[in-house]
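Readers should treat all values here as calculations from the given coordinates under stated rules, not as data from a laboratory. Please read all numbers here as calculations on a predicted model, not as lab measurements. Methodologically, a virtual Cβ is constructed for each residue, glycine included, from the backbone with ideal geometry; neighbour enumeration extends over all protein chains shown.
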Amino acid sequence: MIKSAVTLCADDYGLTPGIGRAIRPLIEQGRLQATGCMTGSPFWPEEAARLVPLEGKAEFGVHLTLTDHKPLGALPDLAPDGKLPGIGSLVKRAVLHRLDKAEIAAELERQVDEFEARMGRPPDFLDGHHHIHQLPIIRDVVMDLWRRRLKARGGWVRSCWENPLAIIRRGVDPIRATIIALLGIGLRLRLRAEGAPHNHSFRGVYDFSGKVAYDQLFGIFTQSPGPGTLVMCHPGEVDEALRACEWLTDQREVEWRFLESDACALSLADRHITLARRPLP
């Protein structure tokens, strides 16, 4: 029997201690193959120290952040009051080319620097909180970061492009997923043109409402994976730090409990799907 493979990538590591308490055991279990780190979080230094012992068991990247949270440095244009804008505002400014590229570059450089300072090496990959890494202007900065700091060691970049026909067939939050995919066309073209390693299929977008059981969603997202399929997830333990900074709370625990369960393993095994690191070039 020929087996298919997917890569499960958890977002938001380092944002709060509770998220780390969920993600690290999943890495130990072999249920996660990658996690993106929010290195601008005040919890990042301690959470990085807890991640270091897991080197070699998964890939660790930078979850580049330009929305909702505090930047690492001063951003007088994007965050004049010391807080990054919401995703709607950022998308509008990016599409209208009203972002200060040099300011963006300096902040994302700081976030990669912070990863290297705590982990002692460059990140394995780059992606973006709220998928900001694929937006106009920002994607130019991301490609420059990849070229200078990840390319030599085979680092990769998450692509959020997915064929809208495949999104519609899955029937999970198709409008949101299609918007994310279409915003990702420009970055996907750049990745292919430069030969940058990236995933070929991107799945995991849903509304976090809990209206559809997560085991069903997981089955849909992992169904019939082609080469280089990446599934985004958000496992986490809800703590006070999370409730203080994020609207996405309880559904994280739902994802965590399923991903650590025997039901998750059986779901994959019954369909002859394995979990594998590294997307294809």
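Residues are listed down the side, and each one gets a yes or a no for (1) over 16 Å from HIS234 (Cα atoms); (2) in contact with a Lys or Arg (Cβ under 7 Å, 6 or more places away or on another chain); (3) not in a loop (DSSP other than H, G, I, E, B):
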site	(1), (2), (3)
ASP11	no, no, yes
ARG21	no, no, yes
ARG31	no, no, no
GLU47	yes, no, yes
LYS57	yes, no, no
ASP77	yes, no, no
GLY82	yes, yes, no
GLY88	yes, no, yes
ALA102	yes, no, yes
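Restricting the search to the range 73-100, which residues are exposed (fewer than 13 other Cβ atoms within 10 Å of the Cβ) and either touching a strand residue (DSSP E or B) at 6+ places or on another chain (Cβ under 9 Å) or under 16 Å from VAL141 (Cα atoms) (or both)?
GLY82, HIS97, ARG98
Mind checking which residues of the range 1-58 are of a type in the set (Gly, Ala, Ser) and in contact (Cβ under 8 Å) with a residue 60 or more places away in the chain?
Correct list: SER4, ALA5, ALA10, GLY18, ALA22, GLY30, ALA34, GLY36, GLY40, ALA48, ALA49, ALA58.
If you check ILE168, ILE104, which single one turns out to be β-branched (Val, Ile, Thr), in contact (Cβ under 8 Å) with a residue 24 or more places away in the chain and over 21 Å from HIS198 (Cα atoms)?
Matching residue, one of ILE168, ILE104: ILE104.
With the structure loaded, tell me whether THR65 is surrounded by 22 or more Cβ atoms within 10 Å (Cβ to Cβ), touching a Gly at 6+ places or on another chain (Cβ under 6 Å) and among the polar types (S, T, N, Q) or whether it fails that test.
Yes.
Of these, ASP100, ASP11, which one is acidic (Asp, Glu) and in contact with a Cys (Cβ under 8 Å, 6 or more places away or on another chain)?
Answer to the selection: ASP11.
Does the range 238-246 include one or more residues that are under 24 Å from GLY40 (Cβ atoms) and in contact with a Cys (Cβ under 7 Å, 6 or more places away or on another chain)?
No, because not a single residue in the range 238-246 is under 24 Å from GLY40 (Cβ atoms) and in contact with a Cys (Cβ under 7 Å, 6 or more places away or on another chain).
Could you grab the pairs with beta carbons closer than 7 Å, sequence gap of 6+ or different chains, first residue in the range 79-91 and touching a residue at least 24 places away in the same chain (Cβ under 8 Å), second one of a type outside the set (A, V, I, L, M)?
ILE87/THR67; ILE87/HIS130; LEU90/THR67
Within the bounds of the range 118-129, is there any residue that is among the hydrophobic types (A, V, I, L, M, F, W, C) and assigned to a loop (DSSP other than H, G, I, E, B)?
Within the range 118-129 (the criterion being among the hydrophobic types (A, V, I, L, M, F, W, C) and assigned to a loop (DSSP other than H, G, I, E, B)), the answer is no, since none of the residues qualifies.
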